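Q: Next up is a structure, given as structure tokens.
The values are calculated or read from the model by the stated rules, or taken from the named source; none is laboratory data. Values in this document were obtained by computation on a predicted structure and should not be read as measured data. Reconstructed Cβ throughout: ideal geometry from the backbone, glycine too, with neighbour counts over all protein chains shown. To get the accessible areas, we keep the full protein, side chains included, count just its heavy atoms, and leave off ligands, DNA and RNA. Shrake-Rupley method; radii C 1.70, N 1.55, O 1.52, S 1.80 Å.
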Amino acid sequence: MTYVFPVKASNVDWHTTHSKYKATDLFADCGKPVVATTSGVVLEISLTDKYVKGSPDGPNNGGKSVSLLGDDGVRYYGSHLSKVQSGIKKGVRVKAGQQLGLVGRTGNANNVCHLHFGISPPCAKVGDWKVRRGVVWPYSYLASWRKSGTKSPVAEVAAWKRSHNCKA
């Protein structure tokens with residue numbers, strides 16, 4: 001399985017943790033390419049930023065976003081995009097490294113350019129935003145992929161899926 005770091009930029013910074021739940025924010029300049037972490041099929045996209053500042057947590061937090069079901073069975077989610085690439089639609093097959101969109105600050109990004117990156121099992125495939133936003137810490141996988149490594153989240157995601165009664 002081939003894995004690719006999800007932002008094509010040399011100056012990406014990220015934290016080992018994230019507030020409230022397991023995900024990683026990848027800080028990069030707005031407009032930098034966001035690419036598919038691995039080959040798979042697009043599950044969900046949001047082409048419009050429907051987030052309203054001050055609203056409670058919900059499915060619109062991510063603004064413009066893309067959710068991908070990798071060939072490894074893991075769902076990869078990227079949000080706060082400024083743009084989703086034309087041709088990226090639900091059901092479209094993508095290859096590792098293929099451009100999905102551009103880094104932005106839509107949704108509840110607090111006006112900071114970054115990619116919110118989450119890893120999860122596709123429990124309901126679509127609509128399960130609390131799972132989709134991330135359930136395992138991506139940091140160690142991102143660190144591997146940044147160095148062209150192949151560390152896979154499959155086992156950790158499968159363990160979470162079993163322990164949380166997640167049915168795909």
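Q: Can you list the trypsin sites (Lys or Arg not before Pro) in segment 104-135 that are in a DSSP coil and have 16 or fewer other beta carbons within 10 angstrom? Please list the in-between numbers first.
A: Working: sites: Arg105, Lys125, Lys130, Arg132, Arg133; in loops: Arg105, Lys125, Arg133.
Passing sites in segment 104-135 are Lys125.
Q: Could you tell me the relative contact order of segment 62-109? Use alpha-carbon pairs under 8 Å, at least six residues apart, and round to a whole percent.
A: Numbers: 73 pairs, mean separation 20.9, N = 48.
It comes to 43 percent, rounded to a whole number.
Q: For Lys147 and Thr48, FRET efficiency with R0 = 45 Å and r from the beta-carbon atoms, rounded to 0.05? Don't skip to the answer; put the middle values down first.
A: Working: r = 36 Å, r/R0 = 0.79.
The formula returns an efficiency of 0.80 here.
Q: While we're on this one: For segment 38-45, take each phi angle, set θ = phi - 60°, evaluate the Karplus expression 6.51 cos²θ - 1.76 cosθ + 1.60, and give the result in whole Hz per residue in order, putting x for glycine and proline.
A: Along segment 38-45, the couplings run 8, 6, x, 10, 5, 8, 9, 9 Hz.
Q: Quick one: among His18, His114, His80, which has the greatest mean-square fluctuation in a GNM of the chain with alpha-carbon springs under 10 angstrom?
A: The residue with the greatest mean-square fluctuation here is His18.
Q: Taking the chain as a Gaussian network, where each spring joins two C-alpha atoms under 10 Å apart, which residue of Pro56, Pro33, Pro138 fluctuates the most?
A: Judging by the Gaussian network model, the answer is Pro56.
Q: With each run of n ≥ 4 DSSP H residues scored as -39500 (n - 2.57), what mean residue ellipticity at 222 nm is computed for the chain after dividing by its residue count and rounding to the nearest 500 deg cm²/dmol? All intermediate terms of the calculation are to be shown ahead of the outcome.
A: Values: 3 runs with 22 residues, N = 168.
Mean residue ellipticity, 222 nm, calculated: -3500 deg cm²/dmol.
Q: DSSP loop trypsin sites (Lys or Arg not before Pro) in segment 59-90 with at most 14 other Cβ atoms within 10 Å of their Cβ, which ones? Show your work: numbers first, answer last.
A: Details: sites: Lys64, Arg75, Lys83, Lys89, Lys90; in loops: Lys89, Lys90.
Those that pass, being in a loop and sparsely packed, are Lys89, Lys90.
Q: Here are some values of log10 I(q)/I(0) by the Debye sum over Cα atoms at q = 0.09, 0.18 Å⁻¹: [x] -0.32, -1.12; [y] -0.36, -1.08; [z] -0.24, -1.10. Which one was computed from this structure?
A: Working out log10 I(q)/I(0) by the Debye sum over Cα atoms at q = 0.09, 0.18 Å⁻¹ from the coordinates points to [z].
Q: Still on this structure: Could you provide, to the nearest whole Å², the per residue accessible area of the chain with probe 1.4 Å?
A: Working: 8000 Å² over 168 residues.
Result: 48 Å² of accessible area for each residue.
Q: Another question, if that's okay. Under a 10 Å cutoff between Cα atoms, tell me which one of Ser55, Ser65, Ser144 has the largest fluctuation in the Gaussian network model of the chain.
A: Ser55
Q: Let me ask something else about it. How large is the charge dipole for the chain, taken about the Cα centre, if only the Cβ atoms of Lys, Arg (+1) and Asp, Glu (-1) carry charge, to the nearest 20 debye? Present the calculation step by step, with values, prior to reporting the outcome.
A: Details: 24 positive and 10 negative charges, 53 e Å.
Value, rounded to 20: 260 debye.
Q: So, with a 1.4 angstrom probe, what is the percent of accessible area on segment 1-103 that is carbon and sulfur? Don't jump to the answer; show the numbers that get you there.
A: On the way: 2490 of 4820 Å².
The nonpolar share, carbon plus sulfur, comes to 52 percent.
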